[in-house]
Amino acid sequence: MKTLVIFIALALASFQLHAQYKGPQAAVQQQIKAILDNPKDNQGVRLTGYLTEKLSHEKYWFSDGTDQIRVEIEPEDFPAGEFDENDLIEIHGEVEKDFLESPEIDVEYITIKKVN
């Protein structure tokens, strides 16, 4: 019986050594152009730039100074401090690419990088 318990323990330990993580990867710093050229639904992204215009209740234009992309930001995902279109921010979120629509970013949180 003791030998069987040791065998099972070793077998389980061996299995754990070969297991690999298959979950989501960390957000990758990207340029907007790369996302627009090759959008991958649910891809984690981190972008640095500016919110330039409010389009509707939760939709905004975000620009990295070269290109712009639509972002969706829920009110609770904004940082505590105030900022405007002149303040450098970093957004963390996921690409949303629906059929026949341009990609947008579903923002999970914002970090204010530099307040002008």
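In table form, for the structure just shown:
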{"quantity": "Any hit, the stretch 56-63, residues being open to solvent by 50 Å² or more (accessible area, probe 1.4 Å), assigned to a loop (DSSP other than H, G, I, E, B) and of a type in the set (Lys, Arg)", "calculated": "no"}
{"quantity": "Some residue of the stretch 11-23 being modelled with pLDDT of 90 or more and of a type in the set (D, E, K, R)", "calculated": "no"}
{"quantity": "Verdict on Ile112 being closer than 18 Å to Ala34 by Cα and either of a type outside the set (Lys, Arg) or at pLDDT 95 or above (or both)", "calculated": "no"}
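The values are calculated or read from the model by the stated rules, or taken from the named source; none is laboratory data. All values reported here derive from a predicted model rather than from experimental measurement. Ligands, DNA and RNA are excluded from the accessible area calculation, which covers all protein heavy atoms including side chains. Shrake-Rupley method; radii C 1.70, N 1.55, O 1.52, S 1.80 Å.
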